[in-house]
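Notes to accompany the following structure.
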Amino acid sequence: MVGRRVVIVTSSLFAVAALLAGCASGTNGHAVSIYHDPFRVAGLDATAGPSGLRPGAPNADRAITGTDGGDIDALAANAITDIETYWAAEYPALFDKPFEPVDELISWDPTESNGPDFCEETTEELINAGYCSIDHTIGWDRELLLPEVR
């Protein structure tokens, strides 16, 4: 008796599930959260407005390990310096201690075998950018990654 009841209940559940699945419909595209829309920044289209250095803006006076002296390294160093300048002013009020800028900026070309190490790893074929907590550095691939995201 119990076995027959289980079969009837299970069959009924499958029938209801199949009926509900038949009523569903799909949509084209993909969902985008109103809180995290990668296509908009501060309410504006991400592609609207200028990108890169402002005309006439001075370059940051920073040492960059492995630099080729090009525009990509200047842009990265300027962006990091802008962020560090902001946090040097704001951090102490929020955390009751001074902000500590990174110890070193590291740039590399992942197509070269003799580039600098980043985070105790070789940068050959390393198409990435990031912060290394091991030695408090920031590094980036200036040849493939940064030109794509510029």
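With the simple model of a label 7 Å out from the Cα in the direction of the Cβ, residue 5 to residue 131 spans 6.1 nm.
Checking Cβ-Cβ separations below 4.7 Å across the chain identifies 23 as cysteines lacking any candidate disulfide partner. Within the chain, DSSP assigns beta bridges of which about 50% are antiparallel (rounded to the nearest 5). Relative to the longest principal axis of the Cα atoms of the chain, the long axis of helix 2-23 lies at roughly 60 degrees.
Under 10 Å, Cα contacts only: if you run a Gaussian network model on the chain, which one of 102, 41, 16 comes out with the highest mean-square fluctuation? Of 102, 41, 16, the most mobile in the Gaussian network model is 16. The angle between the Cα long axis of helix 71-95 and the longest principal axis of the Cα atoms of the chain comes to about 80 degrees, rounded to the nearest 10. Expressed to the nearest 5 percent, the antiparallel share of DSSP beta bridges inside segment 61-149 is 40 percent. Electrostatic bookkeeping for residue 136 treats Lys and Arg as +1 and Asp and Glu as -1; over the other residues with beta carbon under 9 Å from its beta carbon, the sum is -4.
For 96, 45, 135, 109, the sequence from fewest to most other C-beta atoms within 10 Å is 96, 45, 135, 109.
Of 123, 38, 86, which is farthest on the positive side of the dipole of the chain, counting Cα position, with +1 on Lys and Arg Cβ, -1 on Asp and Glu Cβ, and the Cα centre as origin? Of the candidates, 38 comes out farthest on the positive side. Each Lys and Arg adds +1 at its Cβ and each Asp and Glu adds -1 at its Cβ; summed about the Cα centre, segment 1-100 shows a dipole of about 1080 debye. A Cβ-based charge dipole, computed about the Cα centre of segment 61-149 with Lys and Arg at +1 and Asp and Glu at -1, lands at about 340 debye.
Bear in mind that the values in this text are calculations on the coordinates, not laboratory data. This one's a predicted model, so the numbers in the text were calculated from it and none came from an experiment. Glycine gets a Cβ as well: all are built from the backbone with ideal geometry, and neighbour counts include every protein chain shown.
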